[in-house]
Amino acid sequence: MIVVTGATGNVGRSLVQALAAAGERVTAVSRGASQVPQGVSHRQADLGEPESLKPVLDGADALFLLVAGEDPRGIVEAAGAGGVGRVVLLSSQGAGTRPEVYRHPLAFEDAVQRSGLDWTILRPGGFDSNAFAWAETVRSRRTAAAPFGDVGLPFIDPADIAEVAAVVLRDGGHAGRTYELTGPASITPRRRAQAIGEALGAPVRFVEQSREEARAQMLQFMPEPMVEGTLAILGEPTPAEQRVSPHVEQILGRPPRTFAEWAARNIAAFR
Ligand SMILES: NC(=O)c1ccc[n+]([C@@H]2O[C@H](COP(=O)([O-])OP(=O)(O)OC[C@H]3O[C@@H](n4cnc5c(N)ncnc54)[C@H](OP(=O)(O)O)[C@@H]3O)[C@@H](O)[C@H]2O)c1
């Protein structure tokens with residue numbers, strides 16, 4: 001049985017579907033109540049309270065772990081005690097490129113690496129689904145605002161992260177590996193807004209925000225060091241952050257999906 005935390009999120013939802021479609025027994029975990037595909041069981045538990053995970057992890061073979069809560073060691077100990085043999089951690093590219101900012105995912109990486117379990121770490125860059133932040137203004141005004149309109153990054157479709165995770169959770173041969181996951185090419189915010197317009201069949205106007213405007217908006221839902229780190233990645237990415245990684249294609253045997261494919265699949269949110 002495979003336990004998927006973050007099961008109602010952009011990555012987790014696709015992962016639960018992929019594992020269930022492959023015939024795996026899946027337990028989907030989130031804090032809130034949720035609908036899950038037929039045959040999948042859903043359990044409410046909080047990664048911030050590792051005790052709440054114990055009954056869920058008891059008898060599980062593998063765990064897909066999200067970075068949430070402040071006690072990664074407590075989580076991996078609960079996994080080991082429950083009999084879990086393999087853990088796949090959804091970390092972040094920033095853990096490698098900006099370790100001084102991404103301390104939280106690094107603490108989770110450290111805990112899984114010391115856990116004694118077979119571990120694999122996934123380090124994705126920015127998600128295509130971050131464009132859901134534009135859904136309301138695209139619906140109401142056909143506009144999309146972001147800073148650094150002409151700086152490109154190889155954003156990734158969360159469905160590709162989920163497919164990679166499904167392979168790594170099911171197959172041996174990935175223990176002790178850290179995979180960087182990116183999309184197929186760099187794409188700028190301006191071009192992403194245009195791609196949503198093309199999927200919509202109506203132009204979307206890109207509005208370039210100043211760094212300060214973007215900073216003020218991000219501070220509403222992110223802690224300050226994370227806001228600075230995110231702005232630095234979006235505005236002054238390092239060569240490592242701009243690089244297209246071969247890992248999705250190596251693992252899935254096909255190139256990663258484009259942003260245009262993500263937009264077409266999710267266009268209902270922007271209508
Ligand atoms: N967005 C990016 O660009 C990006 C880039 C690199 C890495 N990441 C990492 O990827 C992760 C997943 O992204 P996503 O887009 O799939 O997330 P998401 O759509 O925001 O979903 C988060 C999921 O985790 C669950 N959850 C949150 N806190 C929890 C907790 N304390 N205990 C148990 N479940 C919890 C949520 O359900 P409930 O709220 O009901 O619990 C939901 O199922 C992020 O958290 C981040 O660490 C994101």
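The values are calculated or read from the model by the stated rules, or taken from the named source; none is laboratory data. Because the structure is predicted, anything quoted here is derived from the model rather than measured. Glycine gets a Cβ as well: all are built from the backbone with ideal geometry, and neighbour counts include every protein chain shown. What goes into the accessible areas is simple: the full protein's heavy atoms, side chains included, and nothing from ligands, DNA or RNA. Shrake-Rupley method; radii C 1.70, N 1.55, O 1.52, S 1.80 Å.
Key figures
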quantity	calculated
The range 25-74: projected area of the alpha-carbon convex hull, averaged over directions, in nm²	3.6
Among G125, G12, G83, residue whose mean-square fluctuation peaks in a GNM of the chain (springs only between Cα atoms under 10 Å)	G83
Fluctuation leader among E212, E49, E261 - the chain, Gaussian network, Cα springs under 10 angstrom	E212
Compactness of the range 1-100, expressed as Rg and Dmax over alpha-carbon positions, Å	13.2, 42
Local net charge near R257, Cβ-Cβ under 13 Å (Lys/Arg +1, Asp/Glu -1)	-4
Accessible surface of the chain [probe 1.4 Å, protein heavy atoms]: carbon and sulfur percent	48
Selected from L122, L53, L219 as most flexible by GNM, with the chain as the system and alpha-carbon contacts under 10 Å	L219
Residue-averaged [θ]222 nm for the chain, counting only DSSP H segments that reach four residues, each worth -39500 (n - 2.57)	-12000 deg cm²/dmol
Spin-label pair E100/A268, simplified geometry with 7 Å Cα→Cβ offset, distance in nm	4.5
Projected area, mean over directions - the range 94-149, Cα convex hull, nm²	5.6
FRET efficiency estimate (nearest 0.05) - Cβ-Cβ, R31 to M1, R0 22 angstrom	0.60
Equivalent-ellipsoid semi-axes of the range 171-241, from the Cα gyration tensor, Å, largest first	28, 22, 12
Taking all pairs of distinct alpha-carbon atoms in the range 83-201, Kirkwood radius in angstrom	16.1
Dmax and Rg, reported as Rg then Dmax, of the chain (C-alpha, Å)	18.6, 54
With Cα atoms, 0 to 90° folded angle of helix 10-21 axis to the chain main axis	50
DSSP-defined beta bridges in the chain - what % are antiparallel, rounded to 5	5
Per residue accessible area of the chain, 1.4 Å probe, in Å²	45
Label point distance in nm, D118-R141, each placed 7 Å from Cα along Cα→Cβ	5.2
Between 0 and 90°, nearest 10: helix 158-170 axis offset from the chain longest Cα axis	20
